[in-house]
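The values are calculated or read from the model by the stated rules, or taken from the named source; none is laboratory data. Everything numeric here is computed off the predicted structure, so don't read it as measured data. Cβ placement follows ideal geometry from the backbone for every residue including glycine, while neighbour counts extend to all protein chains displayed.
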Amino acid sequence: MNPKLISVMVFVILIVAVVPLVLRLRMGQRPDPVMLSDLEVGPGRLIRITVEPNSQSTLSLHYHVNAQGEQVVEHAFFGTLPRTSPPPEFLTYSVEDGELVGVAQVSVPNRILLMHDFASGDSWPMRIVTYKDSDPKHHYPYYEEQAPLLARGDALFQRLSSGNPQGSLELLRTMSSRPLAFPTSQTPNATQP
C-alpha cells in the first residue's frame, strides 16, 4: 500500500473517531473561572470573586471564601453581568471585629451583594445543600428553598447594617438572575473657553 494513502486514512480515522469523543468529554465540563478580584478581609481571610461565561450574552459571577488556608465556600453564584460591561470593582463592609463581612460594588456602594460570617461559617447567597437519603447509592442533592435562603440573608444583613449606621445599606434580594449594576465609562467634562 501507498504510505501516503495510509497516512491519509489514519488522519481521517482520527478526525472521525477521536475528535468527536474529545469534544463530547469537554462539553460536560464547566469552563475554568477567571479570577476577577481578591478581597483580603482580615489576617488569613480572603473572598475571591470569579467570572465565567453563562450564556452568549451574560457572565456569571461567583465567590469563594478562604479562611486560614482552608476553602470554606467554593463557587457560590451571586450575580450576572452583560458580557460587554467592564469588570466591576468591589468594596467590603465589616462588623463584629471583622467576623461578618459584606461585599458591594464600588459603583453602587450601598447595595450589599454577598455576606460571609467567619464566626459561624454562614454565607449568603450560597444555597445550603443537603442530601435526601443517607444511603450513598441514593444520594441526591436538595437545595435550600428560596424563602429560608432570603430569611438567612435578611438576618445577616440586619447585623451588618446595624453595625454600619453611617450609611444607608440595602440588600440585593433578587435571587433569580441577580443582575448587577455595571460600571459605565464616564467622559471627562469639556473645558469651558
> How many residues does segment 51-78 hold that are surrounded by fewer than 17 Cβ atoms within 10 Å (Cβ to Cβ) and closer than 18 Å to E89 by Cβ?
Replying inline: 0
>> Show me the strands (runs of 3 or more DSSP E) entirely contained within segment 49-97 in which 3 or more residues are farther than 21 Å from S161 by Cβ.
In response: 58-67, 70-82
> Only one of these conditions is not met by F90: (1) at pLDDT below 90; (2) touching a Ser or Thr at 6+ places or on another chain (Cβ under 6 Å); (3) not charged (D, E, K, R). Which number is it?
Replying inline: (1)
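For segment 112-146, how many residues are modelled with pLDDT of 90 or more and more than 12 Å from F78 (Cα to Cα)?
Going residue by residue through segment 112-146, those that are modelled with pLDDT of 90 or more are 112-125.
Remaining after also requiring more than 12 Å from F78 (Cα to Cα): 116-122.
Of the residues in segment 112-146, 7 are modelled with pLDDT of 90 or more and more than 12 Å from F78 (Cα to Cα).
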